[in-house]
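Read the structure below first, then the notes.
The values are calculated or read from the model by the stated rules, or taken from the named source; none is laboratory data. What you see is a predicted model, and the numbers here were worked out from it, not measured in a lab. Cβ placement follows ideal geometry from the backbone for every residue including glycine, while neighbour counts extend to all protein chains displayed. Just the protein is used for accessible areas: all its heavy atoms, side chains included, with ligands, DNA and RNA removed. Shrake-Rupley method; radii C 1.70, N 1.55, O 1.52, S 1.80 Å.
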Amino acid sequence: VYTNLIKLENDPTKMIGLVALMEDVTEIRKLEKIRSDFVANVSHELKTPLTSISGFVETLKSGAIEDEDTKNRFLDIIDIETQRLARLIDDILTLSEIESSQHKMLNQQILSSEVLKEVEEMMEPIASNKEIQLTFTIDTNLPMIYGNRDWFKQMFINLIDNAIKYTLSGGKVQLTAYKKYNNIIISVKDTGIGIPKKDIPRLFERFYRVDKARSRKVGGTGLGLAIVKHIVLSLKGKIRVNSEQGKGTEFTVIIPIEG
Ligand code: ADP
């Protein structure tokens, strides 16, 4: 609490009032903590692939390069780790852009059926590569919504990408989009491994993973759902998760139709 005496200019001895300024520092402290945790996490996440890359380069330089098989195996690992690094940097930049630029083209007309078809075309080869059946059921006359078109698309790329990553071969991933009252409802449902109940509240935190090793194996960065959460917020929407371990998961995005 800051207090200040207000005095008359021509008579500094006379007090005419008192100003008290109160500031809730707990919220500021909390935000500072989130930010510094994020910086620490980012550094750690970037260092992991870098350490691996420099380790394998060193081993190659000190002789492993002579053996053709070993060389190829190590080069493959270096390749995978480099791609992971690139994905991480992309996701960090996307997240900070979405978080910081509150007014960046947030009023574009989005014809969701058109954008979702683009997502389907993009994700279909990835699904069929893993022998997962991908189905999109989109109502034909979905009303226009307003927001950033690229972000809207990114949100469903992330949700479908996760659904494919965490579903075994032979499984199904289904996107359904329809209008209900004044909302557009889009759900992404899979027949995958599911999420334990205790993890659901923390799912949208940056770098939170249910199973770190599995996320790493399937090429996750731990930022996909944090990005989704911020895009949903930019559309003034909501997101719900329904999941059962061993059965599957459903993410439902609810976006209000404005005006
Ligand atoms: P990641 O890059 O690790 O996939 P995300 O932020 O996209 O990070 O997701 C966070 C965690 O939520 C994942 O590591 C995974 O454990 C869990 N998850 C997300 N989507 C699904 C899904 N469809 N099925 C099962 N688990 C999921």
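Assorted remarks:
- Mean shadow area of region 154-239, taken as a quarter of the surface of its Cα convex hull (nm²): 6.0
- When the alpha carbon gyration tensor of region 28-70 is reduced to an equivalent ellipsoid, its three semi-axes come out at 39, 7, 4 angstrom, largest first.
- Formal net charge of residues neighbouring Ile92 (Cβ-Cβ distance under 13 Å; K, R +1; D, E -1): -2
- Translational diffusion of region 133-188, estimated by Stokes-Einstein from the Kirkwood radius over alpha carbon pairs at 37 °C in a medium of 0.692 mPa s, is 262 µm² per second.
- Its convex hull of Cα atoms gives region 85-148 a direction-averaged projected area, equal to a quarter of the hull surface, of 6.0 nm².
- Region 39-115-region 192-236 distance, computed between alpha-carbon centres (Å): 17
- Value at 222 nm in deg cm²/dmol, rounded to 500, when DSSP H runs of n ≥ 4 in the chain each add -39,500 (n - 2.57): -16500 deg cm²/dmol
- The chain: radius of gyration over Cα atoms, expressed as a fraction of 2.2 N^0.38 Å: 1.35
- Normalised alpha carbon radius of gyration of region 93-194 [divisor 2.2 N^0.38 Å]: 1.14
- In region 62-115, the portion of solvent-accessible area held by carbon and sulfur atoms comes to 52 percent [1.4 Å probe, whole percent, DNA, RNA and ligands not counted].
- Estimated D of region 54-113 in µm² per second, where Rh is the Kirkwood radius over Cα pairs and Stokes-Einstein applies at 4 °C, 1.567 mPa s: 87
- Taking the Cα centre of region 96-208 as reference, the dipole from Cβ charges on Lys and Arg (+1) and Asp and Glu (-1) amounts to some 420 debye.
- Dividing the mean sequence gap of close Cα pairs (under 8 Å, 6+ apart) by how many residues region 66-220 holds gives a relative contact order of 19 percent.
- Sequence-separation-based contact order of region 173-259, relative, with Cα cut under 8 Å and 6+ spacing, percent: 38
- The relative contact order of region 122-175 comes to 61 percent, based on Cα pairs under 8 Å that sit 6 or more residues apart.
- Only beta bridges with both residues in region 77-205 are counted; by DSSP, about 65 percent of them are antiparallel.
- Within the straight-line cut-off of under 19 Å between alpha carbons, the lysines reachable from Lys71 are Lys61, sequence neighbours fewer than 8 places apart in one chain being disregarded.
- Using alpha carbons only, the radius of gyration of region 12-131 set against its Kirkwood radius gives Rg/Rh = 1.26.
- Accessible area per residue, Å², the chain with all protein chains present, probe 1.4 Å: 62
- Surface composition of region 124-233: carbon and sulfur atoms hold 51% of the protein heavy-atom accessible area at a 1.4 Å probe.
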